[in-house]
Structure formats: C-alpha cells, structure tokens
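Quick notes on the structure that follows.
The values are calculated or read from the model by the stated rules, or taken from the named source; none is laboratory data. Computed from a predicted model, the values in this text were never measured in an experiment. Note that we place each Cβ from the backbone using ideal geometry, even for glycine, and neighbour counts take in every protein chain shown. Calculation scope for accessible area: heavy atoms of the full protein, side chains included, ligands and nucleic acids excluded. Shrake-Rupley method; radii C 1.70, N 1.55, O 1.52, S 1.80 Å.
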Amino acid sequence: MRIVVVSAGLSVPSSTRLLGDRLAAAAAEASGAGPGDVRVVELRDLAVEIAHTFTNGFPGPALSEAFDAVSGADGLIVVTPVFSASYSGLFKSFFDALSSTDPEALTGMPVLIAATGGSARHSLVLDHALRPLFSYLRAVVVPTGVYAASEDWGAEGLDARIGRAAGELAAWATGTVRRRPAPAGVPGPRDVPVLTGKETALGGPAPRQAAASADDTGPDGRPSPATPLSTGGAEPGQASGGRAAQHSGGGSRHGTPGGAPLPKKDTFENVTPFEERLAALRPGG
C-alpha cells in the first residue's frame, strides 16, 4: 500500500508535519505497509513552482513529481494548518494546480483529512472546508477526520482518533471495508417490504375505503361523486344491511336524493362533464 502525506505546514518544526507523520505511521501499521511505502510532500518546498503553474500553465519538475506521487497513491493523507477558519492558501493552490493538470487525479482516492490549529473552536474546518473540497474532487473521504489543537498534544483522545482514522484509511485503500450487521429486529435494506396498492404497512389487505383508484377521480383530482367509496361489502346502489329501505328519500343509501340512479361511470369514449355530474346529484337535477 502506497501512502502519500501532503503537509501544508510552514514552520520548522511543524505541528502539521508532526500530525501527518503520526497518521502515516498508524496507517502503515494498520495496512502492513513498509517504511518505503510512505512518501511525504512538503508544500512549502513547492510554493514557487505552484505559483508559476498558475502563470505559465505548466508545473515544474519537482511539482510534477509530487503530482505523480499523489495520483499514484493508494491512500492520501492531507494535513493543513487553519488560516482564517479554513485551509491555507498554499494547500488550496496545490490541489487547484493538481486538478487543472489532471482533473481525474483524485477520483476514487481514499483521503484522510486532518488539520491543526491553536484553538479547538476551529475543529469544524474538517467538515465545513476540507470534506466539501475533496468531495468536489470526487475523492472518497474517510468518515473520521483528525483535528489537533494546541492543547491536544500529549492529552488523551488524540491517539485514539489517529488510530481510528488511520484504520479507516487502510480499510478503504485495501478494499476490506466492512459494515456492521443491523441490530436484531431492525430491517435491513432488503428486508423492507415493498407496498402495493392492495397491501398495507402491516402486510394485510388494504381497506376499500383507504384510497380511490385513478379511474374514480374527477377532473379536479378529487374522488368522483359518481363513484363513492364503499365502507362495506355492498356495491354502490345496493342496500347495505337492510337499512336502505329506511332511507328518508326511499332511494338507496348510496344513491342520489329521491332515489335517482347514479350516473354511469365515465369511459374514455364518453366523458361526462363535471358540471353535469354535479347537477345530476342535486335534488330535481
């Protein structure tokens, strides 16, 4: 497994480079890579060539070698100091130059994002700046990012985050990513029932009054008065439970006032205007 670390630290020694080295060592241990499989790209040494790339359109020899190392890596670790609540300009310029030279350089590349800063208040830089950048470059950003503030060095928790993020990078790079099984009683993606118009969420038949069919709707999208929904087993126009004879109009329970027969269901060849159907339902209509 070839691991490349891109460090945008400017000082010597640099906490950004230190964090990158610790992440690389943990990723190499998790994947079984040797010391010769880890390459570190220091952006401060390439600052002049990065600037020239934007003016003349061609990367210099050292920058071209760095581009080849990044695009040929199995796993990428990127570390930047926080400047103005975001990544540094040198860091962004490097990946701008890389994407302009080879737009597909990071497509499908597993990337571990990390950052250093003077305060824990800047930890959101991982999700607000770095993750969207590499998602735009079509890289695969591992779930765990690592942010190290000044007070994190030597404190509990940093080593655990480094180990977890490095393990995720190694798993993505080597193709050994595994998902946890769903808890007992929780349906998985293939266990969710696909409901049809005749089934309910409990798997039984849907009640007849639940919904009207597409043929039973009027021009305005509402259920047609000519085809009311049945609450029992009787069809429209038939008596239900013997109570139709007791209806005050003498007509069927599902009929029109006065016992007038229901209009026939419309067909494609003979469409009754909605106004006429409404008038037929009125007394004396």
Report task. With label points built 7 Å along Cα→Cβ from the Cα atoms of THR55 and ALA120, find their separation and express it in nm. Result -> 4.4
Report task. Any chance you could look up the accessible area of ILE77 with a 1.4 Å probe, heavy atoms only, rounded to 10 Å²? Result -> 0
Query raised in the report: So what does SER123 come to for accessible area, using a 1.4 Å probe and Å² rounded to 10?
Result: 50
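Gain in length, ARG164 to ALA85, computed as 0.36 nm per residue apart minus the alpha-carbon separation, to one decimal in nm?
On the way: separation 79, 0.36 × 79 = 28.44 nm, distance 2.47 nm.
Net length gain for the segment: 26.0 nm.
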**Report entry** Under-5 Å amide H pairs with VAL141, H placed in peptide plane, nonlocal only
**Finding:** VAL111
Query raised in the report: Pulled fully out, how much extra length does the chain show between SER135 and VAL48, if you take 0.36 nm times their separation in residues and subtract their Cα-Cα distance?
Result: 28.6 nm
Query raised in the report: Of the listed peptides 20-31, 136-147, what is their order by residue-averaged count of other C-beta atoms within 10 Å, with the highest listed first?
Result: 20-31, 136-147
Report summary line: By the Cα gyration tensor axes a ≥ b ≥ c (a/c under 1.5 gives rounded; else a/b larger than b/c gives prolate, otherwise oblate), the shape of segment 1-116 is oblate
Requested in this report: For PHE83, list long-range residues whose amide hydrogen, built 1.01 Å from N in the peptide plane, is under 5 Å from its own amide hydrogen.
Outcome: SER88
Report summary line: Under the Karplus relation with 6.51, -1.76 and 1.60 and θ = phi - 60°, whole-Hz ³J(HN,Hα) for segment 99-110, x at Gly and Pro, equal 5, 6, 6, 9, x, 9, 4, 10, 5, x, 7, x
